[in-house]
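Accompanying notes for the structure given below.
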Amino acid sequence: MRDECLICHAPLEYLENEELMECAICHRQEYSRTRCVNGHYVCNECHMQGLDQVVEICYHLDSGDPLEILEAMMSLPQIHMHGPEHHILVGAALLTAYYHAGGDIDLQTAIPEIFSRGKQVPGGACGFWGACGSAISTGMFISIVTHATPLSERSYQQANAMTSHALSAIAKVGGPRCCKRNAYLSILTAVRYVKEHLGVYMQVHPVTCRRQAQNHQCLLTRCPFYREDES
């Protein structure tokens, strides 16, 4: 089944202007531009319920491959095809791999920090803000490992450069959005950046995506990770 609306699985629609909507799960009312074609709205907080298992993966999966870690996260049943949870997953996978690849960080404090920061980037930021949350998550990752602040010099430059490189990779492929594709692109870009600028090598395996049946807007052969579904 294609994963769009969490309530009825209908396609999502994106409005030009915000409207007051009520979450179909918790009934919180807030302004948003995103709902399904049948009118269902799910808030970001409800969309990201059950991410405690992501934390378990970060603390217990001994791997220096951020794509392996990302796939373990995305295979969890509570991780949807699209959604703001990816704004956390990318940075969390990178932090975990960076640690196991020899990076000097305290993973026990870094993971809660990426959760806190990633949750602040709403769904649809890629189209409405012009900045995909997965790309922003790579900048958060660099910011955390380099201890960047708004007053930093070199680490400030590195965090913003990381985000810009990831955004460029995403923009080159174009839209419509795909949270899986953008997560892959962001992580691959971050791996190259970290090797060059931080001297930590995170090994990655080749990416093959067979989730096209779950994505109404899959680019198919235009996606660099597309493979025919042989099932």
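What residue, among those in the range 89-124 that are β-branched (Val, Ile, Thr), touching a residue at least 24 places away in the same chain (Cβ under 8 Å) and assigned to a helix (DSSP H, G or I), is farthest from residue 55 (Cα to Cα)?
90
Test residue 68 against the criterion of being more than 23 Å from residue 36 (Cβ to Cβ), modelled with pLDDT under 95 and in a helix (DSSP H, G or I), and give yes or no. The answer is no for residue 68. Counting only residues that are over 19 Å from residue 84 (Cα atoms) and in contact with a Lys or Arg (Cβ under 8 Å, 6 or more places away or on another chain), which one in the range 175-212 is surrounded by the most Cβ atoms within 10 Å (Cβ to Cβ)? The extreme case among them is 202. Give the range 189-231 a look and list any residue that's touching a residue at least 60 places away in the same chain (Cβ under 8 Å), under 22 Å from residue 62 (Cα atoms) and part of a helix (DSSP H, G or I), or say none. Within the range 189-231, 190, 191, 194 meet the criteria.
Scanning the range 34-58 for residues that are in contact with a helix residue (DSSP H, G or I) (Cβ under 7 Å, 6 or more places away or on another chain) and either among the hydroxyl-bearing types (Ser, Thr, Tyr) or surrounded by fewer than 18 Cβ atoms within 10 Å (Cβ to Cβ) (or both) gives a single hit, 55. Any residue that is of a type outside the set (Gly, Ala, Ser) and more than 12 Å from the chain's Cα centre (by Cα) - is there at least one of those in the range 127-134? Scanning the range 127-134, I find at least one residue that is of a type outside the set (Gly, Ala, Ser) and more than 12 Å from the chain's Cα centre (by Cα), so the answer is yes.
Just one of the listed residues (57, 7) is of a type in the set (A, V, I, L, M, F, W, C), within 26 Å of residue 115 (Cβ to Cβ) and outside any loop (DSSP other than H, G, I, E, B), and it is 57.
Under the condition of being over 18 Å from residue 206 (Cβ atoms) and in a helix (DSSP H, G or I), the residues counted in the range 71-83 number 1. Of the helices (runs of 4 or more DSSP H) contained entirely in the range 125-182, those carrying at least 3 residues that are assigned by TED's automatic domain parsing to the domain that holds residue 98 and either hydroxyl-bearing (Ser, Thr, Tyr) or without any contact (Cβ under 8 Å) to a residue 24 or more places away in the chain (or both) fall at 133-146, 154-173. Every listed requirement among (1) in contact with a helix residue (DSSP H, G or I) (Cβ under 7 Å, 6 or more places away or on another chain); (2) of a type outside the set (Ser, Thr, Tyr); (3) over 30 Å from residue 31 (Cα atoms) is met by residue 136 save one, (3).
The values are calculated or read from the model by the stated rules, or taken from the named source; none is laboratory data. Not measured: the values here are computed from a predicted model. Cβ coordinates were reconstructed from backbone atoms using ideal geometry, including for glycine residues, and neighbour counts include every protein chain displayed.
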